[in-house]
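The values are calculated or read from the model by the stated rules, or taken from the named source; none is laboratory data. Computed from a predicted structure; not experimentally measured. Note that each Cβ is placed from the backbone with ideal geometry, even for glycine, and that neighbours are counted across all protein chains shown. Ligands, DNA and RNA are stripped out before the accessible areas are found, and what is left, the full protein with its side chains, is counted by its heavy atoms. Shrake-Rupley method; radii C 1.70, N 1.55, O 1.52, S 1.80 Å.
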Amino acid sequence: MERVLIKQGAEGKLYSSEFYGKPCIVKERFTKSYRHPALDKSLTTQRMKAEARALLRCRMSGIECPALYMVDIESRCIIMERVLNSVTVREYTRTLQEKDDAKNLLSLAKQIGEVLGRLHSNNIIHGDLTTSNMLIKGYGENSRIILIDFGLSYFDSVAEDKGVDLYVLERAFLSTHPNTEALFQVILDTYKDNNKTGAEDVMKKLEEIRMRGRKRTMVG
Amino acid sequence: MAAEVIANELFPDSTITLALFRNVENVKEIRQCVMNGTFEAAILKTSMIVDPFQVIVAANKAVVHQNKVGKMMTKNVHSEILFNLSPSKNISDSFRKFGAGDTDQSVFIAVIDDKTGQTLQAIQNTVKGQQVDVDEVKQLSDLNNIKKIYKLTDAELSWSPLDALVTRIAAKDIMTI
């Protein structure tokens, strides 16, 4: 299997390859020599399983994400679909901003809000929501959002965690794309429409988190 | 129409052979041959397969598990393919739902490590039917039944049933629906 390295992070390497003729991404987590081998194995296994589970849960909840091809705990690899003809929402937003395309920016924000609302109403916490972890396929009206990188995801129904998820996105969104406060508000508004039961609590938490930051203060 | 022989991506020495037969009259006989050991192969129900890739993913997983001691859930690599295809953890239930039935008129065959082509030859000699391109399995799949057995949602069905199935097959030992 020929692999081309495309990205390297703190936890693993991302390769582009082919899996029986289908374009795929191989995500390999490396061993960390500073950890005890037993702990290292258990952590890696846990995270790989969490990622596979999240991909399946999302798919079943009607949220688009890459198809899973293979999970190999022994070799620390997850093989999944490589989404062709797509760009990250980060790049897409940049392009739209350069063109000053307010109409498509608005529909993009609505789409993001819709996907996130659905994600959270199914109690899936992504854990690392940024515009780089969302892909967009197509352009304008016909585009679809595909969520990627579920390495930090988990399932929880607590409003706090959902609030943190949105807060992380807000920080990432506003720092990568300046002057988009109004746009982010659109994301939140559509989010509310798509997560009717929980949105109110999450919004309250979000306010709270904005005041204190992502981490809870540890006093007492 | 020739069968498709595919080299395993992770274990290059291993191969997967796929073949599809239509208008088959003697599924019962073929199954008997597998059961009494005349040849070793996975005899699959065509109505449960949407694309050859689905079988490849299941077979690939079976081979990887075979090469790692203690990973296999069933007796041999061919029955493991059937088991991997199925969303159920019940082995005999998996065989019943994903193995070809006696009255089926088509069979999808997967053979692991048939390097000399001997097994395929033996199968071709046994099957009373017409061998066709493996891609024709797309015409034979029964989406309603697939949807029911794999518990697919309507959204999944509308994008790509194949992606939904391979995701389930790949994640089977991690999470059951």
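Tabulated values for the structure
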| read-out | value |
| --- | --- |
| Residues whose placed amide H lies under 5 Å from that of B:ILE49, excluding near-sequence neighbours | B:ASP142 |
| Separation in nanometres of the label points that stand 7 Å from Cα toward Cβ, at B:ASP93 and A:GLU207 | 4.9 nm |
| Computed Kirkwood radius, in angstrom, where 1/r is averaged over Cα pairs of segment A:86-215 | 14.6 Å |
| Ellipsoid semi-axes in whole angstrom, largest first, where each is sqrt(5λ) of the Cα gyration tensor of chain A | 29, 23, 16 |
| 3J(HN,Hα) from dihedral phi, segment B:166-172, Karplus parametrisation 6.51/-1.76/1.60, rounded to Hz, x for glycine, proline | 5, 4, 5, 5, 5, 9, 4 |
| Residue-averaged 222 nm ellipticity for the protein assembly as shown, from DSSP H runs of 4+ at -39500 (n - 2.57), nearest 500 | -14000 deg cm²/dmol |
| Efficiency of FRET between A:LYS215 and B:LYS151 - r from beta-carbon atoms, R0 45 angstrom, step 0.05 | 0.70 |
| Residue list for segment A:187-207, given a label point 7 angstrom along the Cα-to-Cβ vector of A:GLU141 and an amide N cut-off under 19 Å | none |
| Among A:ALA38, A:ALA109, A:ALA50, residue whose mean-square fluctuation peaks in a GNM of chain A (springs only between Cα atoms under 10 Å) | A:ALA38 |
| ³J(HN,Hα), Karplus 6.51/-1.76/1.60, whole Hz, each residue of segment A:201-212, x for Gly, Pro | 4, 4, 5, 4, 4, 4, 4, 4, 5, 4, 6, 10 |
| Value of Rg to Rh for chain B (Rh from inverse mean 1/r over Cα pairs, i.e. Kirkwood) | 0.94 |
| Residue with peak Gaussian network fluctuation, chain B [Cα springs, cutoff 10 Å], from B:LEU157, B:LEU120, B:LEU82 | B:LEU157 |
| For q = 0.09 Å⁻¹, Debye-computed log10 I/I(0) when each Cα of the protein assembly as shown counts as one equal scatterer | -0.61 |
| Residue-level accessible surface for A:HIS36, protein heavy atoms, 1.4 Å, Å² | 120 Å² |
| Choice from A:ILE148, A:ILE209, A:ILE187 with maximal GNM fluctuation in chain A (Cα, 10 Å cutoff) | A:ILE209 |
| Within segment A:17-115, chymotrypsin sites (Phe, Trp or Tyr not before Pro) in DSSP loop having at most 16 other beta-carbon neighbours inside 10 Å | A:PHE30, A:TYR34 |
